[in-house]
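Q: Take a look at this one; I'll ask things after.
Laboratory data are not the source of any read-out in this text; all were calculated from the coordinates shown. Just so we're clear, the structure is a prediction, and the values are computed from it rather than from any experiment. Virtual Cβ from ideal backbone geometry, glycine too; neighbours counted across all protein chains shown.
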Amino acid sequence: MRQMQPSHPSPSPPAATLSAGLTEMVRRCQAAECAGLEVPAPGVPVIAAAALEEAANSSGGLVWRPRRGGFWLLGATQGATQRARALIEGMGWAATPLAFPNDMALLEAALAAEGEAAGPSPPAAAAPLAGMEERAARMGPEAGHGLTTLWRMEGAAPRLLGQRWMVEPEALLHGAVEQNWRGHAQGLLGARLLARAHVGQWPAERKPTLPLLLDMPWMPPPEQLPPPPDSRPGHALVLPLAAAADAQAWLALAGAAGWGLAWNGLTASLAWLATPERLPGEWFFARFSPAATEAAWPRPERLAFCPTGDRAALAFALGHGVAMCSRMEA
Amino acid sequence: MNALSPPRETAAANRDALALATLARESAATGVERRVLHLRLSTMPAGRNRLHHQRLLREALLPLLRPTRARLFDLPSGDLVAVSPPPGEHLELVRATMLKLLGEEEETAAMAQELRLPTQAAALLAVVEAALGLGGEGRPASQMRAWMQAPAANPRAGKPATAGDILAAEAALARADLSVHHRWQTVCALVDRGPGPQVLWRELRLAEADLEAALLPHQSLDPTPWLRRRLRARLDKRALAQWARPEELRGFTPRAIPLLPASVAEEEFMRLDAMLPAGMRLQLTLGFGLPDILADPDAFDIARRFARLRGYRTAVDDVDASLLPLLPPDLFGLDVLKLHFTPALLELDGPGRAALEASLPAERERVVLSGADEPIMVGWGWERGITRFQGRMIEQRLSGG
């Protein structure tokens, strides 16, 4: 039996210390033929982890989660690995099949990198959810929203098409926040914009020659809307796509007050909605994604990428007459 | 126990109370409607609160109920509860008789309380609890009673719901028994001049309005739809966690559950998915509401892709006909369209009917008409080639009502 040693501060275990299970699995991968899978960056880690765990459980394998992110399935059978791979690739995420011991070098490199990887960084302090209404009420009049300019290249010059008075929920909630909380924050800030519009407090940087597009919260159609800043055509209320079920009611209400409609939140898979027969609107705002380049947009001239996106977005927009959004200073 | 009840009747009265509680829960679970008349004889006005008055009244009322399909429950408190399938006109006769016997005074009139199941199942359960003596002060409140009573003292009644209110409601949800708010509804094949309804699958729905009223009494979530979605997301997780248990999977029959798309990518769904063999996954239909799809298209893309890869059946849940133009012809690749019946469908003119029919999948077996509460609604469906239905009429046919 070991003697008790005098108490000394024990050194921290090295960052690269592997669990007993992982160590054993690495040995098995070195010694015997088995299959594996590397999934470096799954879109939804919960789903990828479940698929790999299922494969591991059914074939005596193990799922390793490196600190840098992603997953490795180790020591599984070929069949179980194939099933997991089919699911993960079917979801549209990359997966690299591994055959051990041939691919030991890849695994060893990853294990070595694990030793150098920093431990998981603590999550950024998120703003508390409770009390966000009071925080929104206390925000300064210019906080939580901004003015972006809608433009399109026509010939060699950009043509300004309008200005969108947008909410910026990051001012109220930051960090990784579930979509429903973010939506609620957008709603609170949208209600502030609407209240300002009711008393005619339009943004100081507004260009009177351009139509104003006003972000609206997702809410039931109200009894009354404020009139637009002037009688020029083209002013529109920007509704979240979630409000599409009330599109006709909003159309009547907005029309009576002098506004048109625009829709925010379109995706490539909903591109077919962007027609007046389906969704009445002057503009359709979408976030750019690679899938957007494959989608059949029925009216690309009424489409705007907001935020603008990367070079691919710019190239697609230039080629198809799609509009983009930029802050005034840009 | 009520002091007026003779001891030899106590056991029978307790059995009646428990049977009534079971009936209330079953109605809540299945959605089968019942009319209830609660005769609060324990509150009989002073001077009449005697056993022989109660017996006289019971003897007078029983003959009225006997020829009907009503059931009479004799509670330990001395109260009587009559339960009848709708429309239950004879319950009105019972009430009138009671008033005639006791005198039509204001306090006597208050002794008869009408309730409807399943919507007021919680209130009926509270009656049973009180009758069983579970409402006494100093006793530890049961979880369910705490759940039902807590909202009554909502200090934020009448104010718009806030994130803090939702967080508090979520905390209450964590310890609540939700079974009283569950409604199982059946989807059946029912063809014109064919046999009776053939059960295809059963669907678990939550009585969301009742639940919201219990969690956030006198606070509407209508102005804050994102908060309502947040609450629904938590309810989804609870329902999924409940299903992901071995005992729930024994005797697994075809079933459906409406979910927010994002709920498919939650740990709770992954646990259920891991427990379901491929054959069972085929028997589970995941329903997604069109407004929920539009509110979170990215989550929906993930949910439908995962469902297809894993072999679940999928449905667009409870679509109002006015929203059919927002549906793509391929139904987003989902299997079933659940069209919700509204009276406006009966008022469509010829072109309107033609447009609606053109927007339905040609394979009409992919269409379910939900909200089919009356025969005329089933008839409307038959005229459009729809032979799959869900609603009160189906439940009543299945229960022989």
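Q: Run the dipole for segment A:132-327 about the Cα centre, Lys and Arg Cβ at +1, Asp and Glu Cβ at -1, nothing else charged, and hand back the magnitude in debye, nearest 20.
A: That gives a dipole near 380 debye.
Q: For B:Lys237, give me every one of the lysines with a C-alpha distance below 28 angstrom, ignoring sequence neighbours fewer than eight places off in its own chain.
A: B:Lys159, B:Lys338
Q: Which one of B:Leu101, B:Leu124, B:Leu235 has the biggest mean-square fluctuation once chain B is modelled by GNM with Cα springs under 10 Å?
A: Sorting by GNM fluctuation, first place goes to B:Leu101.
Q: Hey, another quick one. Tally Lys/Arg at +1 and Asp/Glu at -1 over every other residue whose Cβ is under 15 Å from the Cβ of B:Leu323; what's the total?
A: It works out to a net charge of -4.
Q: Still on this model: What do you get for Rg/Rh of segment B:163-398 when both radii come from the Cα atoms and Rh is the Kirkwood radius?
A: 0.96
Q: To the nearest 10 degrees, how steep is helix A:20-31 against the longest Cα principal axis of chain A, on a 0 to 90 scale?
A: 70
Q: Out of A:Trp297, A:Leu73, B:Ser27, whose Cα points farthest toward the positive end of the dipole of the protein assembly as shown (charges: +1 Lys, Arg; -1 Asp, Glu; placed on Cβ)?
A: So the residue furthest toward the plus end is B:Ser27.
Q: While we're on this one: Give me the one-decimal nm value for the distance between modelled label points at A:Trp272 and B:Ser399, 7 Å along each residue's Cα-to-Cβ direction.
A: 4.0
Q: Take every DSSP beta bridge with both residues inside chain A and express the antiparallel ones as a percent of the total, to the nearest 5.
A: Counting only bridges with both partners in chain A, antiparallel ones make up about 55 percent.
Q: Suppose only helical runs count, i.e. DSSP H with n ≥ 4. What mean residue ellipticity at 222 nm does that imply for chain B under -39500 (n - 2.57) per run, divided by all residues and rounded to the nearest 500 deg cm²/dmol?
A: Counting only the DSSP helices, I get -13000 deg cm²/dmol.
Q: Which aspartates and glutamates, on any chain, are close to B:Lys100 with Cα under 20 Å apart, when same-chain ones fewer than 8 places away are left out?
A: Correct list for B:Lys100: B:Glu59, B:Asp79, B:Glu89, B:Glu92, B:Glu114.
Q: Toward the positive end of the charge dipole of segment A:132-327, about the Cα centre and with charges on Cβ (Lys, Arg +1; Asp, Glu -1), which of A:Pro226, A:Gly200, A:Pro276 goes farthest?
A: Towards the positive end, the residue furthest out is A:Gly200.
Q: Hey, another quick one. What does the average come to when, for each residue of peptide B:290-302, you count the partner chain Cβ atoms lying within 10 Å of its Cβ?
A: For peptide B:290-302, the averaged partner shielding equals 6.
Q: Tell me, how many Å apart are the Cα centres for segment B:154-178 and for segment B:311-359?
A: 34
Q: Turning to a different aspect of this structure: May I ask for log10 I(q)/I(0) of chain A at q = 0.06, 0.14 Å⁻¹, from a Debye sum over the Cα atoms as equal point scatterers with solvent left out?
A: Values returned for q = 0.06, 0.14 Å⁻¹ are -0.35, -1.08.
Q: Within chain B, which DSSP H helices have Cα atoms that stretch 24 Å or more along the helix axis and a mean Kyte-Doolittle hydropathy of at least 0.0?
A: Qualifying helices, which must be both long enough and hydrophobic enough, are B:10-30.
Q: Write out the cysteines belonging to chain A for which the nearest other cysteine Cβ is not under 4.7 Å, or none if no such cysteine exists.
A: A:Cys29, A:Cys34
Q: Restricting to bridges with both residues inside the protein assembly as shown, how much of the DSSP beta-bridge set is antiparallel, in percent to the nearest 5?
A: For the protein assembly as shown, the DSSP antiparallel bridge percentage is about 55.
Q: Same structure again: Quantify how strongly other chains surround peptide A:140-150 by giving the mean number of their Cβ atoms within 10 Å of each of its Cβ atoms.
A: 0
Q: Run lengths n ≥ 4 of DSSP H only: what is the helix-derived mean residue ellipticity at 222 nm for chain A, with -39500 (n - 2.57) per run over all residues, to the nearest 500?
A: My calculation for chain A gives -9500 deg cm²/dmol from helical runs alone.
Q: Please work out the C-alpha center-to-center distance from segment A:191-240 to segment A:26-93 and express it in whole Å.
A: Their Cα centres are 51 Å away from one another.
Q: Stretched out fully, how many nm does the piece from B:Arg308 to B:Arg71 gain, at 0.36 nm a residue minus the Cα gap?
A: So the chain would gain 80.6 nm between B:Arg308 and B:Arg71.
Q: Between A:Trp151, B:Thr253, B:Leu62, whose Cα lies farthest towards the positive end of the dipole of the protein assembly as shown when Lys and Arg beta carbons carry +1 and Asp and Glu beta carbons carry -1, centred on the Cα centre?
A: The residue sitting farthest along the positive end of the dipole is B:Leu62.
Q: Could you give the size of the charge dipole of chain A about its Cα centre, using +1 on the Cβ of each K and R and -1 on the Cβ of each D and E, expressed in debye and rounded to the nearest 20?
A: 340
Q: Just tell me how shielded B:156-163 is by partners: mean number of partner chain Cβ atoms within 10 Å of each residue's Cβ, no decimals.
A: Partner-chain Cβ atoms within 10 Å, mean over residues of B:156-163: 3.
Q: Just grab the label-to-label distance for B:Ala355 and B:Ala157, each label 7 Å out from Cα along the Cβ direction, in nm (one decimal).
A: Placing both labels 7 Å beyond Cα along the Cβ direction yields 4.5 nm.
Q: If you build a Gaussian network model of chain B, linking Cα atoms that sit under 10 Å apart, which residue out of B:Ala307, B:Ala70, B:Ala354 swings the most?
A: B:Ala354
Q: Among B:Gly352, B:Gly196, B:Gly391, whose mean-square fluctuation peaks in a Gaussian network model of chain B (Cα, cutoff 10 Å)?
A: Largest GNM mean-square fluctuation: B:Gly352.
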